[in-house]
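These notes are about the structure you will find just below.
The values are calculated or read from the model by the stated rules, or taken from the named source; none is laboratory data. Everything numeric here is computed off the predicted structure, so don't read it as measured data. For neighbour counting, all protein chains shown are included, and Cβ atoms are generated from backbone atoms with ideal geometry for every residue, glycine included. Surface areas here come from the heavy atoms of the whole protein model, side chains and all, with no ligands, DNA or RNA. Shrake-Rupley method; radii C 1.70, N 1.55, O 1.52, S 1.80 Å.
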Amino acid sequence: MADHDENVVWHSHVVTREQREQHHGHRGVVLWFTGLSGSGKSTVAGALEVALSQLGVNTYLLDGDNVRHGLCSDLGFSDADRKENIRRVGEVARLMVDAGLVVLTAFISPHRSERAMVRERLGEGRFIEVFVDTPLEVCETRDPKGLYKKARAGELRNFTGIDGVYEPPETPEIHLDGQQLVTNLTAQLLDLLRREDIIKS
């Protein structure tokens with residue numbers, strides 16, 4: 001492994017991230033949506049992507065289920081596999097930020113250490129932690145995939161919020177009330193992006 005590492009060298013491209021950002025007209029950044037299953041992460045991230053697209057912002061949405069169809073199809077849901085899932089997604093998001101995109105990711109990502117790992121890899125000002133805070137009982141009522149029902153019946157092990165831990169962010173860049181209207185949450189996120197000078201319009 002050491003020999004392999006020594007022979008792999010990062011290749012710097014002539015076109016820089018700054019040039020790509022200038023071309024796009026906005027900064028590259030990751031909005032990392034975290035919260036329990038059923039909290040509304042994917043719904044809010046999807047609504048924000050639509051709003052950003054209408055403003056001419058170049059985006060990409062990485063969804064937890066979607067990446068498990070390809071990039072992470074070989075992974076299960078053990079703690080080790082969850083960590084690797086987040087590591088891979090973080091690296092893909094980092095490349096997309098280098099391309100000057102606004103990247104939205106919707107992952108439970110239950111452990112603070114994993115979210116901190118992605119933040120560190122992205123660098124200062126490139127990682128926005130979005131905590132979609134929705135009470136467990138509300139998430140269970142929504143249960144769009146029937147996962148809580150399976151977890152309560154003992155059919156799903158290590159399910160976040162039931163028998164698996166969720167560590168909420170301590171100092172997220174933005175704390176959203178997952179019981180509010182999606183339009184309100186989207187507006188709050190757009191305001192943040194404008195305040196941080198990530199988007200202009």
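The set of residues from region 188-201 being more than 17 Å from residue 30 (Cβ to Cβ) and within 18 Å of the chain's Cα centre (by Cα) comprises just one member, 188. Considering every residue within region 36-59, establish whether at least one is in a strand (DSSP E or B) and in contact with a strand residue (DSSP E or B) (Cβ under 7 Å, 6 or more places away or on another chain). There is at least one residue in region 36-59 that is in a strand (DSSP E or B) and in contact with a strand residue (DSSP E or B) (Cβ under 7 Å, 6 or more places away or on another chain).
A search for C-beta distances below 9 Å between a residue of region 70-83 that is free of Cβ contacts under 8 Å to residues at least 40 places away in the same chain and any residue that is open to solvent by 80 Å² or more (accessible area, probe 1.4 Å) and outside any loop (DSSP other than H, G, I, E, B), counting only pairs 6+ apart in sequence or on different chains, returns 83/113. Where residues in region 22-39 are open to solvent by less than 20 Å² (accessible area, probe 1.4 Å) and out of contact with any Phe, Trp or Tyr (no Cβ under 9 Å at 6 or more places or on another chain), which of them is nearest to residue 172 (Cα to Cα)? Going through the qualifying residues, I end up with 28.
Just to be sure before I move on: is residue 93 under 18 Å from residue 65 (Cβ atoms) and in contact (Cβ under 8 Å) with a residue 60 or more places away in the chain in the structure I sent? Criteria met by residue 93. No other residue among 82, 68 is open to solvent by less than 60 Å² (accessible area, probe 1.4 Å), more than 20 Å from residue 116 (Cα to Cα), at pLDDT below 85 and among the charged types (D, E, K, R) apart from 68.
Only one of the numbered conditions (1) touching a Lys or Arg at 6+ places or on another chain (Cβ under 7 Å); (2) open to solvent by 70 Å² or more (accessible area, probe 1.4 Å) is violated by residue 141, and that is (1).
Summed over region 100-127, residues that are touching a strand residue (DSSP E or B) at 6+ places or on another chain (Cβ under 9 Å) and open to solvent by 30 Å² or more (accessible area, probe 1.4 Å) total 6.
For region 160-201, the set of residues classified as assigned to a loop (DSSP other than H, G, I, E, B) and among the charged types (D, E, K, R) consists of 163, 167, 170, 173, 196, 197, 200, listed by residue number.
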